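Worksheet for the structure shown next.
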Amino acid sequence: MRTRSAKALGAVALLSAAAMVFAGCAAGNTAPSSTDSPAAALPTVDWDAADAGDVQDGGTLTLAVGALPVNYNNSQIDGNEVDTNTLLSPTQGGPLRITTDGGTEVNPDYASSVELTSEDPQVVEIKLNPKAVWEDGTPITVADYEATWKALNGTNEAYQVVSTTGWDQIGSVEQGSDEFDVKVTFSSVFADWQSLFGGTVLPAAIANDPTAFNTGYTAKAMPSYGPYVISNIDQTGQVVTLTPNPVWWGEKPKLDTILFKVVSQAQQGSSFANKEIDALYISANADLYATAKSRDDAEIQATNGLTWTHVTMNAKSGPLSDVNVRKAVASVVNREQIAAAANTPVGVPAVTQGDYIFMNGQKGYQDKALPRDTAAAEGFLKDAGYTKEGDSWTKDGEALKLTITVPADTTTNIQRSEQVQADLGDFGIPVELTTVPVAQYFSDYVIPGNFEMVSFSWQGTPFPISSRESLFYPLDSGQNYTGTTDEKLGDLWTKANTELDPDKRIEIAHEINDTIWSYVPMFPIAPLPNVWAVKQGLVNYGAAMFGYSPVDWTVVGWKK
């Protein structure tokens, strides 16, 4: 399962159904709300929690990833993939961390305080923990934060960054009373400022060098600043080994070893059933669910999630450059059937996703999706100049046909794409599935826009307003794969990202949602729950709404 994400700043793109994807709770608009939605019925955390004293000292945890990183710098666009971020999460951390319910709190391993000391101008002051060091023993100081800001703020185009959101609104990063006192002054208000300080910091030597930033860590690990360090990368055996960081200053981590083994999505179920890995992300894969339950010591866990499936349509050229064709496609696909087929077999509610900003179950969610309506779709195609001739829609003598590019060996992606193919085919729009290697899916097809349609999943953060921006605006955003935008979005997102009143921010987000639905660059299908199977006895790791962000790797291990 190859995955891509937008650590802290954007959403995360996955092939199956999110640097650490840091999540926090901006007041009033990120925490799950109490609603009648079936999605809201699931918990936010379902792993087996245990105090440190109840966790064994030692042991090995073996986990699966779909592929080894193509870049171990997960602030660089090629390294910003969920598999990569999952693998790196035990080696990272930051002044803020999220709680299991999506709130934020100071992480004492990295800081003694993180405070918004002024609103006009907006100033955040971070008192770093002087004991916090990089893997080579060098202290983490204001110099690292200043260099990170300069690398990520978009002023130097040599840096191939994931997103500049938030970083481009910082005016200065300066030393306070000493090198461990970081004063961040914003040039304009950034309401989701907490999202910047959950783990996104680079050693100054790397952040100051575009070459090191972009390509210096394609075959070796970035320096650790967490409880574990990557001690070996076995390219031949496709295994990455993590061991306790010898210069870690916090509580000693429990595990002796964490192994990340490359296992294709198609094989992960049998690998778990055969007790070759200790945890399995099932998402909405019925086959994985059934296979996982066959293991005699399996425990099934399920929570709400921040992941949503979608179909992205390339509006840069071809038939999908016409908004009416895109609206027709979105009106034909049976999203309810896809949701039911994906979620019901794994024992969780089937709901659709109709909001580009908020997740089903979050305050502010509004379903504005185009309803499934073939009559409306016919009208859209006629407005685009097409006529129905026999079983085909034609324009200027040419039949309308489309392709959807799918990554090999990703069962859930293929099944979803086949449903899109079937729905459009029945309507008179033939769709060809083009299968490509999973390892090149994003780099060679999605990112350069070498597709007509693709279907993967976006995994967001609980900062849903600012984190969605790079998916739709600007046109040349590193995550806008749609080939189009609406220039109104720039002003709307500026208003939203500078509005500190949570209710007013939600109102602006509703305008953003309506604007995107007016030109339909993609259409959401369904939110995916976090369904996991874990080996009984594994504690403090597993299913959580906010992914692995709340995981405290010092207490992950095996119950006594």
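Quick look at the values:
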{"read-out": "So residue 553, is it modelled with pLDDT of 95 or more, assigned to a strand (DSSP E or B), farther than 23 Å from residue 457 by Cβ and among the hydrophobic types (A, V, I, L, M, F, W, C)", "value": "no"}
{"read-out": "Residue among 103, 79, 93, 66 that is out of contact with any Phe, Trp or Tyr (no Cβ under 9 Å at 6 or more places or on another chain), crowded, with 21+ Cβ neighbours inside 10 Å and small (Gly, Ala, Ser)", "value": "66"}
{"read-out": "Residue list for segment 519-550, filter: assigned to a loop (DSSP other than H, G, I, E, B) and farther than 23 Å from residue 423 by Cβ", "value": "536, 537, 540, 541, 542, 543, 545, 546, 547, 548, 549, 550"}
{"read-out": "Test: residue in segment 484-493 that is more than 30 Å from residue 120 (Cβ to Cβ) and either hydrophobic (A, V, I, L, M, F, W, C) or out of contact with any Phe, Trp or Tyr (no Cβ under 6 Å at 6 or more places or on another chain) (or both)", "value": "yes"}
{"read-out": "Residue 151 vs. criteria modelled with pLDDT of 95 or more, more than 20 Å from residue 114 (Cα to Cα) and surrounded by 22 or more Cβ atoms within 10 Å (Cβ to Cβ)", "value": "yes"}
{"read-out": "Residue match in segment 320-342 (condition: surrounded by fewer than 23 Cβ atoms within 10 Å (Cβ to Cβ) and at positive phi)", "value": "no"}
{"read-out": "Any hit, segment 260-268, residues being closer than 23 Å to residue 134 by Cβ and at pLDDT 95 or above", "value": "yes"}
{"read-out": "Residues of segment 499-553 satisfying the condition of being in contact with a Phe, Trp or Tyr (Cβ under 7 Å, 6 or more places away or on another chain) and among the polar types (S, T, N, Q)", "value": "513, 540, 549"}
{"read-out": "Residue match in segment 124-131 (condition: of a type outside the set (Val, Ile, Thr), over 28 Å from residue 459 (Cβ atoms), over 26 Å from the mean Cα position of the chain (by Cα) and surrounded by 22 or more Cβ atoms within 10 Å (Cβ to Cβ))", "value": "yes"}
{"read-out": "Meets criteria (in the same structural domain as residue 404 (by the TED database), surrounded by 16 or more Cβ atoms within 10 Å (Cβ to Cβ), modelled with pLDDT of 95 or more and more than 23 Å from residue 197 (Cβ to Cβ)) for residue 490", "value": "no"}
{"read-out": "Residue list for segment 491-506, filter: outside any helix (DSSP H, G or I) and of a type in the set (Ser, Thr, Tyr)", "value": "498"}
{"read-out": "Failed condition for residue 317, given (1) more than 27 Å from residue 47 (Cβ to Cβ); (2) in contact with a Ser or Thr (Cβ under 9 Å, 6 or more places away or on another chain); (3) of a type in the set (Ser, Thr, Tyr)", "value": "(2)"}
{"read-out": "Criterion (over 17 Å from residue 307 (Cβ atoms) and part of a loop (DSSP other than H, G, I, E, B)) met by exactly one of 388, 368", "value": "368"}
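The values are calculated or read from the model by the stated rules, or taken from the named source; none is laboratory data. Predicted model only: the values in this text are computed from it and were never measured. For neighbour counting, all protein chains shown are included, and Cβ atoms are generated from backbone atoms with ideal geometry for every residue, glycine included.
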